[in-house]
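Report on the structure given below.
The values are calculated or read from the model by the stated rules, or taken from the named source; none is laboratory data. Values in this document were obtained by computation on a predicted structure and should not be read as measured data. All Cβ positions, glycine included, derive from the backbone under ideal geometry; neighbour counts span all protein chains shown.
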Amino acid sequence: MTTDRRDFMKILGGFALVAGAAPLIPVSAGAARSDFRSGPRTESPVAGLDPALGHILHYASLAPSGHNSQPWYVRLMDDQKMIIGVDPERRLPAVDPDSREAMLSLGAFVENLSLAAGDMGYEAQTEVRAGSPLEQEILGVTLRKAKPIAYPLKRMTLRMTAKHGYRSSELTKDDVDALAEPLGGRLFYFPPGSEHARCIEEGTVEAFRVQTGRDEAQQELVKWLRLSHEAAERQRDGLTTEGMEIRGLKGWYVRNFTKPDDFMKKGMRKKSVDQAARLVRQGGGWFVITSPGESVADLIDVGRRFERMALMARERGVAIHPMTQILEEEIGRSEIFSNHDSGMLPQFVLRVGYLDPYPDPVSPRRPVSWFLRS
Ligand SMILES: Cc1cc2nc3c(=O)[nH]c(=O)nc-3n(C[C@H](O)[C@H](O)[C@H](O)COP(=O)(O)O)c2cc1C
């Protein structure tokens, strides 16, 4: 009897279901837990660059970004002054046409930069240069020698977006208060089972379904998929098999036999909607983060505050999963705006939950020299 590819995928699906926890599958050891020979986020020195600046930019690059597109570039004016911009090739026009999310990611980048600079004895002074998120040069940053402000940089190397295995218990008040602190009153927590949580769950799945059905959005996702070891190692950005938590035998199969274009197929799209529908029901509820306005400065500021919060989450055993489709698709946005007053500007919708064990980061980063321009 021959087994064609579709049958094989079915078998795999069934196997994963039976096995429950994919890491138990013996081939997972041979299926290699890392897509990278040198580790996904290894720091490499840049010839001719002040090593302190190299460290600071490396930490900055550990920031999260939509589709892990790492939209930033850094143009050095001299050893202390730099311009931070958005690489047009790294925008996500199909899901983020206004570059709102690119600004949030840049905000997270600048927050890491600023905290790392402080730890190394510099103050990072930032100045917004762009009048619109669609411009290329967004911020000027000047580093000045200052008294060090110690910061546990390990938080940056260990921060990650985990998606599976959240416990369903509500977050404690202590954890919510601590994580909300950097957001200055703009973080709202909706525990599981609350009416708001239910609305977010339904809205997220619906928006996910609409987005997955939009060819241009799906094509954009395909552009950022790095399924094979070779693609992940060569490009060091985007969504790797491991980063999407496709593990064990399934991970091995996807790495070796699935092509990014397969994600355009109806069956694959349906699978990802089904997976989103399962995920929204797992976990300890939702955080929604709002901003007072939508200027470049507002968006950078909320990205910075989000990152400060995300950096503290692991120590509390809390995982954070941005599920952004509800803010990207008209169906989600109109639902939000028809039920809230116009001053409510949501910028992040985050699924949260306790996670134990908490995995180590796997999503890759480009080395500093790749995003540095002189
Ligand atoms: C603005 C923004 C939007 C994001 N939206 C999503 C999303 O809709 N779904 C998702 O699974 N992850 C989302 N993420 C998480 C990224 O995919 C993740 O940060 C990236 O792959 C890098 O992985 P890491 O966070 O583990 O370093 C988002 C992150 C940011 C900063």
Seminar exercise, completed: Contact list, first residue from segment 153-174 and under 21 Å from Thr42 (Cβ atoms), second anywhere and near the ligand (Cβ under 10 Å from one of its atoms) and at pLDDT below 95, beta-carbon distance below 8 Å, six or more apart or interchain, is Thr157/Arg41
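For segment 219-249, what are the residues that are more than 16 Å from the ligand (Cβ to nearest atom) and of a type outside the set (A, V, I, L, M)?
Here is the first cut: in segment 219-249, the residues more than 16 Å from the ligand (Cβ to nearest atom) are 219, 228-230, 233-234, 248-249.
Those that are more than 16 Å from the ligand (Cβ to nearest atom) and of a type outside the set (A, V, I, L, M): Gln219, Ser228, His229, Glu230, Glu233, Arg234, Gly248.
Here is a check on your reading of the model: is Gln347 closer than 17 Å to Glu206 by Cβ and within 11 Å of the ligand (Cβ to nearest atom)?
no
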Problem set entry | Complete set of residues in segment 91-110 that are within 12 Å of the ligand (Cβ to nearest atom) and either at pLDDT below 95 or of a type outside the set (S, T, N, Q) (or both) | Leu92, Val95, Asp96, Arg100, Glu101, Ala102, Met103, Leu104, Leu106, Gly107, Ala108, Phe109
Exercise. Can you pull out the residues in segment 68-103 that are farther than 16 Å from Ser132 by Cβ, outside any strand (DSSP E or B) and touching a Lys or Arg at 6+ places or on another chain (Cβ under 8 Å)?
Worked result: Ser69, Gln70, Gln80, Ala94
For this session: Select from segment 183-202 the residues that are over 16 Å from Thr290 (Cβ atoms) and not polar (S, T, N, Q) and write down the one among them that is surrounded by the fewest Cβ atoms within 10 Å (Cβ to Cβ).
Result: Glu195
Exercise. Among the listed residues Asp78, Asp50, Asp87, Asp7, which satisfies the condition of being at pLDDT below 50 and either more than 16 Å from the ligand (Cβ to nearest atom) or farther than 22 Å from Tyr253 by Cα (or both)?
Worked result: Asp7
Seminar exercise, completed: Going through segment 135-176 in order, the residues found to be in a loop (DSSP other than H, G, I, E, B) and within 16 Å of the ligand (Cβ to nearest atom) are Leu153, Arg159, Met160, Thr161, Ala162, Lys163, His164, Gly165, Tyr166
Problem set entry | Count - residues of segment 55-81 that are crowded, with 23+ Cβ neighbours inside 10 Å and without any contact (Cβ under 8 Å) to a residue 60 or more places away in the chain | 3
Exercise. Taking Trp252, is it more than 27 Å from Arg90 (Cβ to Cβ) and away from the ligand (no atom under 16 Å from the Cβ)?
Worked result: yes
Problem set entry | Number of the exception - Ile331 against (1) hydrophobic (A, V, I, L, M, F, W, C); (2) surrounded by fewer than 18 Cβ atoms within 10 Å (Cβ to Cβ); (3) within 14 Å of the ligand (Cβ to nearest atom) | (3)
Problem set entry | helices (runs of 4 or more DSSP H) lying entirely in segment 211-319 (those with 1 or more residues that are of a type in the set (Val, Ile, Thr)) | 215-223, 248-257, 266-280, 296-313
For this session: Give the residue that is nearest to the ligand (Cβ to nearest atom), with candidates limited to residues of segment 350-373 that are more than 19 Å from the chain's Cα centre (by Cα) and within 23 Å of Ser69 (Cβ to Cβ).
Result: Trp370
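Taking the conditions exactly as written (among the acidic types (Asp, Glu) and more than 20 Å from the chain's Cα centre (by Cα)), does Glu335 satisfy them or not? Steps first, answer last, please.
On the way: among the acidic types (Asp, Glu): yes; more than 20 Å from the chain's Cα centre (by Cα): yes.
In short, yes.
If you scan segment 180-208, which residues turn out to be more than 16 Å from the ligand (Cβ to nearest atom) and either of a type in the set (D, E, K, R) or part of a helix (DSSP H, G or I) (or both)?
Restricting attention to segment 180-208, the residues satisfying the condition of being more than 16 Å from the ligand (Cβ to nearest atom) are 180-181, 184-185, 188-199, 202.
Ala180, Glu181, Glu195, His196, Ala197, Arg198, Cys199, Glu202 - these are the residues of segment 180-208 that are more than 16 Å from the ligand (Cβ to nearest atom) and either of a type in the set (D, E, K, R) or part of a helix (DSSP H, G or I) (or both).
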Exercise. From the set of residues in segment 331-374 that are in contact with a helix residue (DSSP H, G or I) (Cβ under 8 Å, 6 or more places away or on another chain) and among the acidic types (Asp, Glu), which is farthest from Gly293 (Cα to Cα)?
Worked result: Asp360
Seminar exercise, completed: Among the residues of segment 217-249, the number that are under 17 Å from Arg90 (Cβ atoms) and not hydroxyl-bearing (Ser, Thr, Tyr) is 18
For this session: May I ask you to list the residues in segment 143-179 that are crowded, with 17+ Cβ neighbours inside 10 Å, of a type in the set (Asp, Glu) and farther than 24 Å from Pro361 by Cβ?
Result: Glu170
For this session: Looking only at segment 295-310, decide whether some residue is more than 30 Å from Glu135 (Cβ to Cβ) and under 18 Å from the mean Cα position of the chain (by Cα).
Result: no
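Right, Ala16: surrounded by 13 or more Cβ atoms within 10 Å (Cβ to Cβ), modelled with pLDDT under 80 and either in contact with a Lys or Arg (Cβ under 8 Å, 6 or more places away or on another chain) or not aliphatic (A, V, I, L, M) (or both) or not? Full working, then the answer.
Details: surrounded by 13 or more Cβ atoms within 10 Å (Cβ to Cβ): yes; modelled with pLDDT under 80: yes; either in contact with a Lys or Arg (Cβ under 8 Å, 6 or more places away or on another chain) or not aliphatic (A, V, I, L, M) (or both): yes.
So Ala16 fits the description; yes.
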